[in-house]
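Everything on this sheet refers to the single structure shown next.
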């Protein structure tokens, strides 16, 4: 796992000190690769590549980057892991007639370069099973290739600054280039306010994009244009899987899925450093840990963060699973002060506004794990692939009921619901709520009112999940909200749940979940690996009928059947709870002064991004506990905190203090639980 950066410029546009500039860009990524640094440049061609290394495979200098292929044609900087590199190496070495390459070390990077020499860049990438973002320079064709893995586990930003193409694992590397201009993209801000993250291909800056998953960008020396091609299509996987579904029994499907998950987990346990796993006690992480332990001769190291607040603590469940599986378990109970101490780090850690508050416990559990291991496996991806989110059933019911209402009746229904929610609170509101299900709230009524007139499924989905129902009212000079670009047309299946799973895998998974895990783990120099997102597992999951995923009102049915072979039902059959913290409570208490300073009226008016009154209304409702506006307020606060940090305004020539404000190798106090015992 590493950090990569670099640029491609016309030689005349390189400036006076291109190598010093490359070094500055590279050093901003020290947290992603604290073990060593490398740079390579061909100034005549205008290409420069920088690399920070976190040593995982082949800890010797033979694994260092930038790395040049055996013939000298290709030069690569690579972030990630190619899990099937041993299989590819055997295939390359079996070539007849002296065509087999002579390897100097045993890294996956060297195997990648050998693949490029044998099959070319495009044909090689289709053979890779891994998570990756890389830049490879073809010295013969004078062509730069940027590529990203199929599901978007590893980040890669790129953009033009004058006549120079900049790229890097994080935005801070691009900002370190002297020609970079940090102009905020108001359209991206609109999307952020809607979804709590900035979706592909946007970034918070104009002229800077995220490379989409499963894509290769190509640009030739001297050119000012780029081409992007797709080497794998999740849309095709979903369509083909739904069109030709698994024909066997549930038992046969579970057996085949278990085989794939077991192999995916085995491949992700390969490392020359200590490997562990995050364990929440839920279905996904418990299953991954169980499969790890079944293939390990010693106790797997597992890590859990706990909170003392009721309703937010999963540590007890995780400890019970760890005890049953006899893992070497470490748990840490975090105080509110320790969790809130992470908040000032978030703007630097994420580089652009990001409003999933589970970023805080994810960072804390990463810091905890990093004290003992360098690699940690996680159970991410199970909800999107196997229907695990509670919202899937709830939103599906809403959509089904809305679809049964004639179109001409929907606008009056929306108007009636809006009238009810405007009653503050009077007889009309109380009467309306009394007719609704028990757990309905004004907030949910407002969401229902917003989507009632809509007929497009993607718009209904987006409306029910957006952070701000009327974002245009708070955006000031920003644009109107829009659906992310990846909400493209997809074959309308007969079930809305599958459609939501498709949208989440295209958008929410890479742009929220995977971005969160990558920045949190790499912020403490920890590599996170995700077996469920093995491409073979993804493709098989979409061949399964929905009844093997969602059954009896619960998601992840088939994953549960596999897990029950390893862990008793009583330990894992409990209501799903997200990896959350009580941010809403903290905003009314210890975070109130911080929040009110960021939401100050004069400040908002001076900055010119948000209108004050809509924010004030939600803030007062939240403080009075008449409504819970945690998500909407947190998105505004995360933008304001990022704006206040100010690093986005600077084209930093140097990485102050070696980026120590990002790297944290310490964690709060912890408790170790012996394998198979009750000792604490």
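The values are calculated or read from the model by the stated rules, or taken from the named source; none is laboratory data. Only a predicted model underlies this, so the values are computations on that prediction, with no experimental measurement involved. Glycine also receives a Cβ, built like all others from the backbone with ideal geometry; neighbour counts cover every protein chain displayed.
Of note:
- Segments classed as helices (runs of 4 or more DSSP H), wholly inside region 555-625, with at least 1 members that are touching a residue at least 24 places away in the same chain (Cβ under 8 Å) and within 28 Å of the chain's Cα centre (by Cα): 557-563, 569-572, 583-588, 592-598, 612-623
- Candidates 679, 634: the one that is over 28 Å from the mean Cα position of the chain (by Cα) and either at pLDDT 95 or above or farther than 19 Å from residue 467 by Cβ (or both) is 679.
- Subset of region 293-316 [touching a helix residue (DSSP H, G or I) at 6+ places or on another chain (Cβ under 7 Å) and either within 25 Å of residue 581 (Cα to Cα) or modelled with pLDDT under 95 (or both)]: 302, 303, 304, 305, 306
- For region 1-21, filtered to residues that are more than 28 Å from the chain's Cα centre (by Cα) and either at pLDDT 95 or above or in a loop (DSSP other than H, G, I, E, B) (or both), the residue that is surrounded by the fewest Cβ atoms within 10 Å (Cβ to Cβ) is 16.
- Filtering region 45-63 to residues that are farther than 19 Å from residue 177 by Cα and touching a helix residue (DSSP H, G or I) at 6+ places or on another chain (Cβ under 9 Å) leaves 53, 54, 55, 56, 57, 58, 62, 63.
- On inspection, residue 404 qualifies as farther than 30 Å from residue 537 by Cα and modelled with pLDDT of 85 or more.
- Of all the listed residues (24, 108), the sole one being in contact (Cβ under 8 Å) with a residue 40 or more places away in the chain, in the same structural domain as residue 146 (by TED's automatic domain parsing) and surrounded by fewer than 23 Cβ atoms within 10 Å (Cβ to Cβ) is 24.
To keep it simple, each residue is scored yes or no on (1) under 28 Å from residue 200 (Cα atoms); (2) in contact with a strand residue (DSSP E or B) (Cβ under 7 Å, 6 or more places away or on another chain); (3) not in a helix (DSSP H, G or I).
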position	(1), (2), (3)
354	yes, no, yes
362	yes, no, no
369	no, yes, no
372	no, yes, yes
383	yes, no, no
391	yes, no, no
395	yes, no, no
412	no, no, no
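- Condition check for residue 641: touching a helix residue (DSSP H, G or I) at 6+ places or on another chain (Cβ under 9 Å), at pLDDT 85 or above and buried (at least 16 other Cβ atoms within 10 Å of the Cβ): yes
- Only one of the numbered conditions (1) at pLDDT 95 or above; (2) closer than 30 Å to residue 202 by Cα; (3) buried (at least 18 other Cβ atoms within 10 Å of the Cβ); (4) in contact with a helix residue (DSSP H, G or I) (Cβ under 6 Å, 6 or more places away or on another chain) is violated by residue 527, and that is (4).
- Residues in region 81-106 that are in a strand (DSSP E or B) and over 34 Å from the mean Cα position of the chain (by Cα): there are none.
- Single match in 142, 148 (criterion: under 30 Å from residue 207 (Cβ atoms) and under 23 Å from the mean Cα position of the chain (by Cα)): 148
- Selection within region 470-488: residues that are buried (at least 18 other Cβ atoms within 10 Å of the Cβ) and assigned to a loop (DSSP other than H, G, I, E, B). The member of this set that is modelled with the highest pLDDT is 475.
- Meets criteria (in contact with a helix residue (DSSP H, G or I) (Cβ under 8 Å, 6 or more places away or on another chain), crowded, with 16+ Cβ neighbours inside 10 Å and farther than 20 Å from residue 330 by Cβ) for residue 290: no
- Lone qualifier among 146, 151, 88 - being modelled with pLDDT of 95 or more and touching a strand residue (DSSP E or B) at 6+ places or on another chain (Cβ under 6 Å): 146
- Take the conditions (1) closer than 30 Å to residue 42 by Cβ; (2) in contact with a helix residue (DSSP H, G or I) (Cβ under 6 Å, 6 or more places away or on another chain); residue 237 misses just one of them, which is (1).
- Filter pass, residue 611 being over 30 Å from residue 372 (Cα atoms), modelled with pLDDT under 95 and not assigned by TED's automatic domain parsing to the domain that holds residue 358: yes
- The residue list 342, 365 contains one member that is in contact with a helix residue (DSSP H, G or I) (Cβ under 9 Å, 6 or more places away or on another chain) and either in the same structural domain as residue 629 (by TED's automatic domain parsing) or free of Cβ contacts under 8 Å to residues at least 60 places away in the same chain (or both), which is 342.
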